[in-house]
Amino acid sequence: MVVNLGILISALGTTLGAVPALLLSNVTHRIKDNLLAYSAGIMVAASTYGLIPSTLKLSNMIVLVIGILLGTTTLTLLEISLPHLDIDHSVHANQKTNPLLLIAAMAIHNIPEGMSVGISYASHLEDFGSLVSFSIGIQNIPEGFLVCLFLITNQIPKVQALLYTVFTAGIELVSSFIGLQLNNQLDIIPYGLAFAAGSMLFVVYKELIPESHGDGNERSATFSFVIGLLTMIFITEVSG
């Protein structure tokens, strides 16, 4: 029951973040960039302060390297093979955007995020599943906000934009339960944790950091990244 609730709360972060976007007609690039950077900081801390140490605790450096490389390689192949769109802040690019491409891009992001939540609960490490689900849920809030707002600014009706965003949350929910099924294959769990870390680091470096530095807000975005990092470390320490 606790596991299912944790998985549900993690996925609901995306939907929760989308709701404020329905009330706003315009958000500055600075706010968007800072939200992206804050999310990036949380994901880096969750990977390096949670997933990676737990992988080493359950296995060894070889498993960590293999898992991280598999995660980054898989995300690279998914990005190449599936319809994908890097969020471009320019006005002209927004006018040409196909919202279905954005949904496909978010699906790429949410699959490893969901897997990391499910695998973390499957590992049976004390409080680790709750920590990872909470961290993913926190970073899903600004992510859901930005996705929904991006769709609305591209002339997508608000209700439809919300449904699209909820759909991406559903993908993460399904991925979480898939990861949870690995509880009977404990040898795979360290690889899964490292895979999730590699996937999240890929998303941070390939997507979030470049997008948060695209409008001349590098300094404030950098501080937002650090604050996000410290937030996740603080949560980890308090939870521990």
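The values are calculated or read from the model by the stated rules, or taken from the named source; none is laboratory data. What you see is a predicted model; the values in this text were computed from it and never measured. Neighbour counts are summed over all protein chains in view; Cβ atoms, including those assigned to glycine, are modelled from backbone coordinates with ideal geometry. Areas reflect the complete protein model, heavy atoms only, side chains present, ligands, DNA and RNA absent. Shrake-Rupley method; radii C 1.70, N 1.55, O 1.52, S 1.80 Å.
Just the protein heavy atoms count here, and of the accessible area of segment 131-225 at 1.4 Å, carbon and sulfur take up 69 percent. Each part reduced to its alpha carbon centroid, segment 188-221 and segment 21-56 end up 9 Å apart. The tail of the calculated P(r) for segment 134-210, taken as Cα-Cα distances beyond 21 Å, holds 42 percent of the pairs. Of the accessible area of segment 1-68, computed with a 1.4 Å probe over protein heavy atoms only, carbon and sulfur atoms account for 75 percent.
Rolling a 1.4 Å probe across the protein heavy atoms gives segment 11-80 an accessible surface of 47 Å² per residue.
D by Stokes-Einstein for segment 1-79, Kirkwood Rh over Cα pairs, 25 °C, 0.890 mPa s: 156 µm²/s.
For segment 130-239, trypsin sites (Lys or Arg not before Pro) meeting the loop criterion (DSSP other than H, G, I, E, B) and having at most 16 other Cβ atoms within 10 Å: none. In order along segment 192-209, the phi-based Karplus estimate (6.51 cos²θ - 1.76 cosθ + 1.60, θ = phi - 60°) of 3J(HN,Hα) comes to x, 5, 5, 4, 5, 4, x, 5, 5, 5, 4, 4, 4, 6, 7, 10, 5, 5 Hz; Gly and Pro are listed as x. Only the Cβ atoms of Lys and Arg (+1) and of Asp and Glu (-1) were treated as charged; on that basis the dipole of segment 113-238 about its Cα centre amounts to roughly 280 debye. Couplings for segment 156-173, taken from phi via the Karplus curve 6.51 cos²θ - 1.76 cosθ + 1.60 with θ = phi - 60°, read 7, x, 4, 4, 5, 4, 5, 5, 4, 5, 4, 4, 5, 5, x, 4, 5, 4 Hz in order; Gly and Pro are left as x.
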